[in-house]
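The values are calculated or read from the model by the stated rules, or taken from the named source; none is laboratory data. If you're wondering where the values come from, they're calculated on a predicted model, not measured in any experiment. Quick reminder, even Gly has a Cβ in these numbers, built from the backbone with ideal geometry, and neighbours come from all protein chains shown. To get the accessible areas, we keep the full protein, side chains included, count just its heavy atoms, and leave off ligands, DNA and RNA. Shrake-Rupley method; radii C 1.70, N 1.55, O 1.52, S 1.80 Å.
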Protein chains: 2
Amino acid sequence: MAASTLTEVARLAGVSPATASRVLNGSARIPGKDIADRVRQAAESLGYIPNAQAQGLAKSSSGLIGLIVHDIADPYFAAIARGVQEAAREQHKMVLLATTVGAPDSEKEAVAAFAARRADSIVIAGSRTSRAEDLEGNTELAAELDRYCRNGGHVSVIGHGIVGAAAADGYHVVNVPNEELAAHLATELATSREEDFVIVGGPEGLFTSDDRIRGFQRGLASAGLPAADVIRTDFTRAGGFEAGLALAARITASQPGTETKRLCIFAVNDVMAIGAAAALRSQGLRIPRDAAVAGFDDIETLRDFRPALSTVHLPLEEIGRQAASRAAGPSADDAGSPPITGQVILRRSTEVAHPTSAESVA
Amino acid sequence: MAASTLTEVARLAGVSPATASRVLNGSARIPGKDIADRVRQAAESLGYIPNAQAQGLAKSSSGLIGLIVHDIADPYFAAIARGVQEAAREQHKMVLLATTVGAPDSEKEAVAAFAARRADSIVIAGSRTSRAEDLEGNTELAAELDRYCRNGGHVSVIGHGIVGAAAADGYHVVNVPNEELAAHLATELATSREEDFVIVGGPEGLFTSDDRIRGFQRGLASAGLPAADVIRTDFTRAGGFEAGLALAARITASQPGTETKRLCIFAVNDVMAIGAAAALRSQGLRIPRDAAVAGFDDIETLRDFRPALSTVHLPLEEIGRQAASRAAGPSADDAGSPPITGQVILRRSTEVAHPTSAESVA
DNA sequence: CTGAATTGGGAAAGCGCATTCCCACTGCGT
DNA sequence: ACGCAGTGGGAATGCGCTTTCCCAATTCAG
């Protein structure tokens with residue numbers, strides 16, 4: 001027994017398919033009360049479930065919203081996904097998920113798949129890149145998106161526009177003030193301290209990473225401090241760990257008596273910061289005693305990470321929600337949603353050393 | 001300019017739509033090489049993207065696999081989602097996401113929505129419940145699933161079958177040996193210790209929770225120990241925290257000199273364990289010195305949680321993958337995938353007190 | 001060299017629904 | 001009492017694609 005169709009319902013109710021369609025879906029014309037009840041009852045007794053594919057085909061819209069992330073199990077993306085999901089629920093749409101590992105060509109594929117399914121809108125999360133090796137991929141991705149937009153699709157990308165994407169309408173960017181926030185973090189961290197700053201960043205060309213690095217340096221500069229060293233590594237926990245190992249070596253090497261300043265490590269995202277912290281700990285170093293560490297994003301995982309990590313809070317869920325609704329809304333109040341703002345949060349990981357022993361006496 | 005259609009491609013290539021369809025999709029009949037090339041080229045130049053809705057309508061299958069979780073940002077579900085996503089990619093399908101907060105009626109809705117979209121299969125994660133207040137919802141959910149299955153859908157639920165679901169074919173359960181593993185954990189923990197055991201469980205009726213509680217008690221019993229107290233609370237971090245607070249009070253109360261055994265707390269999942277640990281810490285208690293804590297699941301978050309939490313490792317990703325492919329496969333080798341197994345992992349949180357001071361001397 | 005078995009392409013009938021027309025029927029005004 | 005706008009339902013068309021069926025052109029056996 002295949003799923004029952006509208007026609008069957010209509011027949012059972014003794015009306016035409018047209019009428020049945022009108023009562024079961026919000027049509028402009030609402031049939032008479034009595035007949036409507038008959039149809040509804042027939043539908044109920046048949047356990048009728050409208051075929052969304054057919055509906056979509058007929059009205060060319062699918063009630064689908066596509067979400068592209070690097071990795072759904074990454075807390076950063078998971079939080080955004082939650083927001084998108086919420087927005088989708090409000091719009092009575094469903095979320096179609098695609099995970100790419102950040103590879104533009106795989107993102108392009110995802111866009112094509114979404115386009116094939118006639119997704120009403122697409123949300124792309126995950127940092128954009130301007131690396132040379134991604135150039136071709138980016139171009140293709142941009143082309144695919146452009147075509148999607150021209151066919152009436154809506155795209156909203158989180159953080160930074162796609163390189164080479166024309167400013168088609170239906171194309172939105174949810175801006176995240178990475179640079180400003182990083183600058184702010186730097187100035188906060190620079191206050192009344194004497195530390196050497198080091199930045200643990202992602203590969204060159206990753207916008208999110210680059211923006212945060214630039215901002216942080218600017219913050220330091222405005223505080224009258226010299227630019228920080230930058231270690232380039234993977235934009236992952238593993239990358240952070242690796243950098244952390246290198247830094248640990250540097251710290252222990254300079255330890256002996258010499259009056260070196262404490263190291264303050266800024267990792268451009270929280271998972272990297274966690275990795276770095278883990279590396280330091282694995283080398284017997286303690287935070288914040290032997291080094292300060294700060295991250296960025298304020299992912300949920302941080303809640304139970306010790307020492308409590310200083311970071312920049314980003315309303316991840318809200319970002320996801322906004323991306324999803326910005327793309328969906330009939331461009332409703334283009335400035336309808338407030339711009340994304342973050343917040344520097346200083347926690348224990350960057351506290352100044354306890355004024356114990358020597359210092360407190362001195 | 002709307003997306004180009006198969007017909008347009010066919011016209012441009014000078015063939016019939018039928019032929020175009022045959023070459024652009026894996027049909028049984030493959031047209032001649034020359035003609036195929038013409039078609040492919042036409043498709044390429046037009047940037048043709050097949051309309052998946054129409055395809056689905058025509059062959060009544062959608063290339064969609066529905067995933068139902070409580071909360072996509074929960075690391076437990078996120079890990080499963082990753083597995084499902086991977087399996088989906090292998091099957092060249094896309095994942096449709098639905099988050100319910102564990103409410104059966106909202107799960108029912110999700111199933112209906114998936115059915116409407118003619119999802120090829122549905123994966124349901126998240127503990128089943130047998131609570132009285134969910135009875136009605138469960139029945140409806142079961143009915144909905146049953147209908148979905150009868151219409152050719154495939155369902156696989158993780159952990160424990162839906163209450164009241166008929167054993168329709170197309171209905172699979174990925175079994176997780178919760179009870180056995182919990183028992184195993186208990187015996188491991190019971191070895192050469194003198195501790196009071198306490199179980200922090202979810203609300204009564206949650207199968208996952210109940211199974212683990214039962215298993216743990218059985219393990220204790222087989223080790224000749226008395227049954228542990230059970231604290232019922234929410235199946236969340238907050239629930240764990242609350243219970244942790246209560247336990248902290250109990251510990252500090254009995255602290256003074258009295259020769260009380262150390263408390264060993266088994267939380268039925270990791271997030272609850274984390275909550276409990278956080279609560280203890282907030283009260284100035286230290287793990288494992290003042291109490292031992294163990295969880296279940298081995299979620300990724302644990303990697304960076306200190307003290308390292310003892311737990312039972314579950315191959316979450318594999319579980320998700322298996323659920324997705326079990327449902328998809330043409331029942332291929334019904335025993336094709338190996339049963340899920342877990343592994344007790346003892347870490348620092350349940351170590352016996354350091355044989356320092358008193359004890360080592362004595 | 002002819003008839004039968006293939007082969008390869010096209011025509012056409014849906015898949016399940018939305019929607020535009022179109023028609024029969026009311027109720028109103030003058 | 002007649003015509004008119006207005007109302008409520010049905011017939012038919014099309015969304016874009018798959019697939020069965022059919023027919024012309026080959027090919028091969030006898």
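The table below gives the values:
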item: Conditions (1) polar (S, T, N, Q); (2) within 16 Å of DNA strand C (Cβ to nearest atom); (3) modelled with pLDDT of 90 or more: number failed by A:Ser27; result: (3)
item: Count - residues of the range A:105-115 that are in contact with a helix residue (DSSP H, G or I) (Cβ under 7 Å, 6 or more places away or on another chain) and open to solvent by 10 Å² or more (accessible area, probe 1.4 Å); result: 4
item: Given (1) closer than 22 Å to B:Arg147 by Cα; (2) in contact (Cβ under 8 Å) with a residue 24 or more places away in the chain; (3) open to solvent by 10 Å² or more (accessible area, probe 1.4 Å), number of the condition B:Gln91 does not satisfy; result: (1)
item: Complete set of residues in the range B:189-208 that are in a loop (DSSP other than H, G, I, E, B) and either among the charged types (D, E, K, R) or closer than 17 Å to B:Ala277 by Cα (or both); result: B:Arg193, B:Glu194, B:Gly202, B:Glu204
item: Yes/no for B:Ile80 being open to solvent by less than 50 Å² (accessible area, probe 1.4 Å), outside the structural domain of B:Gly202 (by TED's automatic domain parsing) and out of contact with any Leu (no Cβ under 8 Å at 6 or more places or on another chain); result: no
item: Considering residues of the range B:36-58 that are near DNA strand C (Cβ under 8 Å from one of its atoms) and open to solvent by 50 Å² or more (accessible area, probe 1.4 Å) only, the residue nearest to B:Ala119 (Cα to Cα); result: B:Leu57
item: A:Gly201 free of Cβ contacts under 8 Å to residues at least 40 places away in the same chain and not charged (D, E, K, R); result: no
item: Positions within the range A:96-133 being farther than 21 Å from B:Leu67 by Cα and among the hydroxyl-bearing types (Ser, Thr, Tyr), in sequence order; result: A:Ser106, A:Ser127, A:Thr129, A:Ser130
item: Among residues of the range B:1-51, those that are more than 8 Å from DNA strand D (Cβ to nearest atom) and within 14 Å of chain A (Cβ to nearest Cβ), counted; result: 6
item: Among the residues listed as A:Gly161, A:Gly102, the single one being open to solvent by 10 Å² or more (accessible area, probe 1.4 Å), in contact with a Lys or Arg (Cβ under 8 Å, 6 or more places away or on another chain) and more than 14 Å from chain B (Cβ to nearest Cβ); result: A:Gly161
item: Qualifying residue in the range B:55-62 (condition: closer than 19 Å to A:Lys93 by Cα, within 13 Å of chain A (Cβ to nearest Cβ) and not β-branched (Val, Ile, Thr)); result: yes
item: Test result for A:Leu97, at pLDDT 90 or above and either within 19 Å of the chain's Cα centre (by Cα) or open to solvent by less than 60 Å² (accessible area, probe 1.4 Å) (or both); result: yes
item: Qualifying residue in the range B:145-158 (condition: more than 14 Å from chain A (Cβ to nearest Cβ), farther than 18 Å from B:Ala81 by Cβ and modelled with pLDDT under 90); result: no
item: The range A:179-209, residues that are closer than 30 Å to A:Arg150 by Cβ and open to solvent by 10 Å² or more (accessible area, probe 1.4 Å); result: A:Leu206, A:Phe207, A:Thr208
item: Verdict on A:Gly153 being over 25 Å from A:Arg131 (Cβ atoms), crowded, with 19+ Cβ neighbours inside 10 Å and among the small types (Gly, Ala, Ser); result: yes
item: Any hit, the range B:66-73, residues being among the acidic types (Asp, Glu), in contact with a Ser or Thr (Cβ under 9 Å, 6 or more places away or on another chain) and at the interface with chain A (Cβ under 8 Å from one of its Cβ atoms); result: yes
item: Residue list for the range B:325-362, restricted to those being at pLDDT 65 or above and in a helix (DSSP H, G or I); result: B:Ser325, B:Arg326, B:Ala327, B:Ala328, B:Arg348, B:Ser349, B:Thr350
item: All strands (runs of 3 or more DSSP E) inside the range A:253-315 with 1 or more residues being surrounded by fewer than 24 Cβ atoms within 10 Å (Cβ to Cβ); result: A:262-267, A:311-313
item: Qualifying position, being within 16 Å of DNA strand D (Cβ to nearest atom) and not aliphatic (A, V, I, L, M), among B:Gly66, B:Gly102, B:Gly56; result: B:Gly56
item: Those residues of the range A:293-306 which are at pLDDT 95 or above, of a type outside the set (Val, Ile, Thr) and either on the phi < 0 side of the Ramachandran plot or touching a Lys or Arg at 6+ places or on another chain (Cβ under 8 Å) (or both), in sequence order; result: A:Ala294, A:Gly295, A:Phe296, A:Glu300, A:Leu302, A:Arg303, A:Asp304, A:Phe305
item: Test for A:Leu67: is it surrounded by fewer than 20 Cβ atoms within 10 Å (Cβ to Cβ) and among the aliphatic types (A, V, I, L, M); result: no
